[in-house]
1. Residues of region 8-25 with backbone nitrogen within less than 12 Å of a virtual label 7 Å along the Cα-to-Cβ line of Ser291, please, listed as ranges.
2. Per residue, how large is the accessible surface of the chain? Use a 1.4 angstrom probe and give square angstrom.
3. For the chain, I need the span (max minus min coordinate) of the C-alpha atoms along each principal axis, in Å, sorted largest to smallest.
4. Please identify every one of the trypsin sites (Lys or Arg not before Pro) in region 78-125 that sits in a loop by DSSP and has no more than 14 other beta carbons within 10 Å of its own beta carbon.
5. Sort out for me the Cα centre separation of region 22-38 from region 84-115, rounded to whole Å.
6. Helix 179-195 versus the longest principal axis of the chain: what angle, 0 to 90°, nearest 10, using Cα atoms?
7. Quick check: pseudo-label points 7 Å beyond the Cα along Cα→Cβ at Glu209 and Thr63, how many nm apart are they?
8. Give the angle, between 0 and 90 degrees and rounded to the nearest 10, that separates the Cα long axis of helix 40-54 from the longest principal axis of the Cα atoms of the chain.
Amino acid sequence: MGDLPLDINIQEPRWDQSTFLGRARHFFTVTDPRNLLLSGDQLEASRNIVQNYRAGVATPGLTEDQLWRAKYVYDSAFHPDTGEKVVLIGRMSAQVPMNMTITGCMLTFYRKTPTVVFWQWVNQSFNAIVNYSNRSGDAPITVRQLGTAYVSATTGAVATALGLKSLTKHLPPLVGRFVPFAAVAAANCINIPLMRQRELQVGIPVTDEAGQRLGHSVTAAKQGIFQVVISRIGMAIPAMAIPPVIMNTLEKKDFLKRRPWLGAPLQVGLVGFCLVFATPLCCALFPQRSSIHVTRLEPELRAEIQAQNPSIDVVYYNKGL
């Protein structure tokens with residue numbers, strides 16, 4: 001047994017999640033792209049440290065800072081409900097580099113229909129992986145359900161992008177630059193609920209304040225999915241609204257006219273800069289461990305909870321990311 005006390009609550013984030021600042025600090029750590037560079041051995045070592053500590057065994061010589069670092073490394077790679085290791089590009093730490101590349105290309109190659117279709121498909125394929133990997137709860141989803149959701153989500157996104165593109169043919173070029181954002185915003189409203197449809201069918205786990213599972217709620221799932229949709233759209237606003245305005249101005253300058261090949265990397269860089277801040281700040285809009293009043297739950301679940309413990313007024317759930 002090490003000198004580290006065993007009363008540190010690593011079930012919760014390190015910073016106060018009742019404040020936006022605390023949630024922002026938490027998500028700046030969770031979305032840190034450097035976590036992608038960690039090896040499998042490093043991830044396993046962090047998992048062992050966290051699981052041993054939760055079991056009452058502190059690794060000898062471990063400091064509190066090292067414990068929190070291990071907790072965040074563990075959280076960055078493993079699903080909070082299932083405990084499964086999340087596929088690399090589905091982790092929140094992959095959001096900035098992946099979205100930087102995909103969004104930059106969507107904003108650069110928005111003029112021709114084939115490139116619009118291709119990059120919208122790439123974007124929604126990536127989003128489908130992220131949405132599935134960061135779903136709430138541990139209810140399984142069949143391959144058929146997953147395939148149907150993926151096809152529906154990507155088709156809806158591509159159709160939205162093409163429809164908006166056709167509507168802006170006779171509008172100023174700057175308006176056309178915002179088609180990718182409008183398509184992404186609309187597609188998020190389609191993709192996220194479809195990829196997490198299992199939650200809307202069977203509900204997600206709700207717990208008391210101590211983390212004791214009380215049942216499954218579809219109402220909580222709806223609220224959690226709505227919060228994630230808002231966060232994802234907010235995440236896209238700076239990255240897809242600011243660079244088009246800047247690029248529209250720069251492309252009129254002689255510097256870029258003489259060096260058109262600089263357009264794409266410059267756009268990707270601008271998007272990346274925006275995403276570094278927008279990703280954690282928009283994830284922080286709502287607490288990861290959200291709450292809902294018992295009176296808003298389904299009648300059957302509400303009755304069951306009140307029968308078990310009439311003093312419970314609020315229950316908690318993982319909203320997903």
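1. 17-19
2. 48 Å²
3. Here the Cα extents, ordered largest to smallest, are 66, 50, 36 Å.
4. Details: sites: Lys85, Arg91, Arg111, Lys112; in loops: Arg91, Arg111, Lys112.
For trypsin sites (Lys or Arg not before Pro) across region 78-125 that sit outside H, G, I, E and B with at most 14 neighbouring Cβ atoms in 10 Å, the list reads Arg111, Lys112.
5. 18 Å
6. 30 degrees
7. 3.4 nm
8. 30 degrees
The values are calculated or read from the model by the stated rules, or taken from the named source; none is laboratory data. These numbers come from a predicted model, not from an experiment. Note that each Cβ is placed from the backbone with ideal geometry, even for glycine, and that neighbours are counted across all protein chains shown. When the accessible area is computed, the model is the full protein with side chains, heavy atoms only, and any ligands, DNA or RNA have been set aside. Shrake-Rupley method; radii C 1.70, N 1.55, O 1.52, S 1.80 Å.
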